[in-house]
Each structure stands twice: as C-alpha cells, then as structure tokens.
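Enquirer: Can you read through this structure? Questions will come right after.
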Amino acid sequence: MNILHLSAECYPIAKVGGLADVVGALPKYLTLNGHKAQVIMPRYQLPFFLKHKFREVYSGQIDLGDQLYDFYIQSLSESELGFEVHFVHIPGLLDLDSVYTHDDSHRFTAFQRAALQWICTWSQLPDILHCHDHHTGLVPFMMSYCHEFERLKSIPSMLSIHNAQYQGWFSHDQGHIIPDFDRKYIGLLDWDGVINPLAAAIKCAWKVNTVSPSYMEELQNNANGLESLLFHEREKCLGILNGIDTQVWNPMTDPLIHKNYKATSVFSGKKANKKYVCNKFNLPVELPLFAFIGRLVYEKGSDLFPAVFESLLSRKQCSILLLGSGDPATEQALRQLQEKDLGTYNHYIGYDEQLSHQIYAGADFLLMPSRVEPCGLNQLYSLAYGTIPIVRATGGLKDTVVDIAAGGFGFVHQQCEVDEIVQTVERAIAYYQQDPKMQKNRQRLMGIDHSWENAATNYLNVYESLKALS
C-alpha cells in the first residue's frame, strides 16, 4: 500500500510534543513492513532545514481570498529517516522559527491546500491519506467536497487524534480561505457556530482513531466540547496504542547515554548513568532519583510540582530532577525552589534531546501525574530504560502502567492532587529500599514490548479495511 501522512510535526525535523514522535516512527515501520509510506509537512525555519539540501518537485499558488501565495514542494535530497518526506514551503507564511503561533488558521489551511493541490497531479494516487490532529483536519472535507480536489474523493481518509483539546477554531468570516464547495455542506465544517477543523475531520474522515483505547473512552465525556460528536460517530472510532521507536530508544545502543546496558546488566548500567546525571546536576547519588521530562502545562499536572517537590524534599528521602519548560508561573516557582539550594533538587528549564535520554537512563523513577494524557510516550521510554513510572490513571497511562500492588510494575494514583502524588512517591521510596525486588522489577520493565512493530500492524489492519471499501 501507499500511505501518505500529513502532519505539522515529525521527529527529528520539527518537534513540539508526542505528535512528532509518532509521525517520525509510524511511517518508518510501515516501510519496514514492505509498504510505501510518505510524510508531507510544512517547511519551517528550524535548524533541521538549515542543515539539509532539498530539491524542488512542484510549485503552485494559493489564493486565500485576501492574498495570493506562491508555494513550493520540496523533498529531501537524501532521506535519513527511513521514509520519504516532502515539505510545503510558503515564503512569508510557513517559514517561521517556530512550529506554532497564536493564530495558525491561515498557515495550516494554506499548507493543507498546497499539499492536496500537489497530490492531485500525481499519476498514482495514494491508497490511504492519514491526517494527524486539527492542523490537517480540513483535508477529509476538502477531498470530499471542494471542487478543486474532486480527483481525491475516492481516497480513504483517516484521522488520528493526538490531543483533542486543540481544535483549530476560526470564524466563518474567514471561511474564504477554504476552496469553493457546495454551500449546502457548510454544516460539516461548523461546530458551535465556528469552523472547527478537528470536528470537520471527525465528521468527514472514513476512520478516526485516538492514540490509546482509554483516551477514546474518556473523550466521550471530556473532549473540549466534542463529546456528543464523538458519541455520534463512535462506530467509526477506535483506539490504537502508540509504540516507541526502538531504533532510537534502546539503552543497549543509545549513543546519547553515558553507558549502554541491557536487562541483564541493568543494575550496573543504571548505577553508572545515575552517577553521571547526579554529578552533572550536583545531586546525591545515594538517594532515589525522581525525574520529570515534559512540558510545564496544566494538562501535565505541572502546576502542582512546586508544592509536591517542596513537601517531598523537606523529608530528605529523595532527590528530584526536572527537564521541561512552559507556564511562566510554574517556571518561576521552580527557580525559587532551586534558589533555596536544598541539595536534592535541580532542573533544566528548556528542552535537550540528549539530556532527556540520559535522564531516562539515570533516573530511578519517572513522574507523570497528568490530568490529560492521550497516550503518553514518556512512560514507555522509561520502561525501556528500566525506570519505574509513577502515573495518574488516565488515557494511555492507564493502558500501559499497572500498579505494583495489583501485581504490576509501576505506581499509579487516581487523582491529580498534591497529597496523592506525595503519597504515591512515598510508596515508591519505600519500594526503593527493597533492592532485590527493585532490580528484578527493572528487568521486567525492560522486557515489556511497546515497539512500533506491534502498533504498525494495528494501523495496517485498519488501512486494509479502508482500502477494501474504496
């Protein structure tokens, strides 16, 4: 099959969150399964684009009503990702030094239109067009109802919802940025009085999936206003749990960590990497090391960290290391905590890919007290590195982590509240003292298979069913 992915992110080209990791891995494993997988994404002004050479394969124009834009389709001269990647270059619109801005309706609508305009010229059309999140949510509608893209009408479209909280809303006053279509279909674009790209995709895509089964269930009750729509469209919806790219996230071969190790050498490997991390951040190596890696946003529960950390650190029973950035108030509170020079807390405000790998390898426990977590990849990375996850029972965290008290291998709490998080960490500290159990559990973690080989097979089964309908 020829599967074409449209996405705003793709690791290692442009990454803001887990969307990039999925789009950077799924096509690779589809290709390894003998299929042709390609990605079309915007060309930003990011470091990746400054380091690589591209060849132009197509050019055209888009009229957004108030302005005419030239666009160019460019491809990598040499693909190092394991699949083909093509870029929509729109000077003055997409070529910014960030993936997202405060208002991206024109940017991503133009991206989608340019991509479809180019696809219409292909002699052999793709078998499946796979859209990711609201940034490509207008594609299923435009393929089916916009006159300009009539040739694409019979291609099955699939939508993956990575995060339903962001929907790409814009007013009907801006509807002219969408190509001509029969106005009797305007209701397919509308949700609650505005144009809603994610809602349009849910209505128009042939199949809709979320990135974990539990997240699909949760969206029926909490989808930022789309609950009734998802319930109405439930027959074409399913959850497919994400995988991790074991070519990138593998402590046996990872070039970004201090010492490589495998399950049988997890004790010495974790010890060496922990010592390296603790020396780097001036933390005591003898205490259990708890880590957080991710965005400091409400959905992750990070607003509770200052209170949680202060409560835990006052006991002098653990050390904490944080890697992330986001909410300015949370960042400031964490800086103030660091200034107290407790000797058992440190952080890196920002993001560093190599450091994230090193923390997974060196930490004893990973904190993920998320309020919302569609799938979560960090807990899967931690399992691969023998780092015990501490999670809230939501979304993909609920699907992938079982509490030790229930015969599992991690620590799970039910609510995103300071007291529950602290109590769960205290359980983990007590468990850390049981060294033989701890080491045996680490080996168990590393044996759990959450690779993309399995997840890609699940996607292929859906693609096959859609192709049979076309």
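Quick grid of which residues meet (1) modelled with pLDDT of 95 or more; (2) within 22 Å of the chain's Cα centre (by Cα):
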position	(1), (2)
398	yes, yes
420	yes, no
436	no, no
440	no, no
446	yes, yes
454	no, yes
464	yes, no
469	no, no
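Matching residues to (1) touching a residue at least 60 places away in the same chain (Cβ under 8 Å); (2) crowded, with 21+ Cβ neighbours inside 10 Å; (3) under 29 Å from residue 247 (Cβ atoms):
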residue	(1), (2), (3)
343	yes, no, no
359	yes, yes, yes
378	yes, yes, yes
387	yes, yes, yes
405	no, no, no
408	no, no, yes
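Enquirer: Could you grab me the full set of residues in the range 32-45 that are at pLDDT 95 or above and not in a loop (DSSP other than H, G, I, E, B)?
Expert: Once the filter is applied, which keeps residues that are at pLDDT 95 or above and not in a loop (DSSP other than H, G, I, E, B), the range 32-45 yields 36, 37, 38, 39, 40, 41, 42.
Enquirer: Same structure again: Confirm whether residue 81 is over 17 Å from residue 128 (Cβ atoms), in contact with an Asp or Glu (Cβ under 9 Å, 6 or more places away or on another chain) and either touching a residue at least 60 places away in the same chain (Cβ under 8 Å) or surrounded by fewer than 19 Cβ atoms within 10 Å (Cβ to Cβ) (or both).
Expert: Judged against the criteria, residue 81 is not a match.
Enquirer: Of 321, 337, 283, 287, which residue is assigned to a strand (DSSP E or B) and assigned by TED's automatic domain parsing to the domain that holds residue 391?
Expert: After ruling out the rest, the residue left standing is 321.
Enquirer: Taking the range 201-232 as the search range and keeping residues that are of a type in the set (S, T, N, Q) and surrounded by fewer than 18 Cβ atoms within 10 Å (Cβ to Cβ), which one is farthest from residue 134 (Cα to Cα)?
Expert: The selected residue is 221.
Enquirer: Moving on. Go through (1) under 30 Å from residue 289 (Cα atoms); (2) of a type in the set (A, V, I, L, M, F, W, C); (3) crowded, with 19+ Cβ neighbours inside 10 Å for residue 198 and report which single condition fails.
Expert: (1) is the only condition that residue 198 fails.
Enquirer: Is there a residue being outside the structural domain of residue 374 (by TED's automatic domain parsing), in contact with a Cys (Cβ under 9 Å, 6 or more places away or on another chain) and crowded, with 22+ Cβ neighbours inside 10 Å anywhere in the range 179-186?
Expert: Within the range 179-186, not a single residue is outside the structural domain of residue 374 (by TED's automatic domain parsing), in contact with a Cys (Cβ under 9 Å, 6 or more places away or on another chain) and crowded, with 22+ Cβ neighbours inside 10 Å.
Enquirer: Determine, yes or no, whether residue 106 is in a strand (DSSP E or B) and either in contact with a strand residue (DSSP E or B) (Cβ under 8 Å, 6 or more places away or on another chain) or surrounded by 17 or more Cβ atoms within 10 Å (Cβ to Cβ) (or both).
Expert: So residue 106 fails the test.
Enquirer: A further question follows. Please determine whether any residue of the range 410-418 is modelled with pLDDT of 95 or more, touching a Cys at 6+ places or on another chain (Cβ under 7 Å) and outside any helix (DSSP H, G or I).
Expert: For the range 410-418, residues modelled with pLDDT of 95 or more, touching a Cys at 6+ places or on another chain (Cβ under 7 Å) and outside any helix (DSSP H, G or I): absent.
Enquirer: Follow-up question, since we're still on this one. What pairs come up if the first residue lies in the range 86-104 and is in the same structural domain as residue 64 (by TED's automatic domain parsing) and over 15 Å from residue 59 (Cα atoms), the second is among the acidic types (Asp, Glu) and surrounded by 20 or more Cβ atoms within 10 Å (Cβ to Cβ), and their beta carbons are under 8 Å apart, counting only those six or more places apart or on different chains?
Expert: Sorted first by the residue in the range 86-104, then by its partner, the pairs are 99/9.
Enquirer: Based on this model, can you work out whether residue 283 counts as touching a strand residue (DSSP E or B) at 6+ places or on another chain (Cβ under 9 Å) and at pLDDT 95 or above?
Expert: The answer is yes for residue 283.
The values are calculated or read from the model by the stated rules, or taken from the named source; none is laboratory data. Owing to the predicted nature of the structure, the values given are computational and were not obtained by experimental measurement. For neighbour counting, all protein chains shown are included, and Cβ atoms are generated from backbone atoms with ideal geometry for every residue, glycine included.
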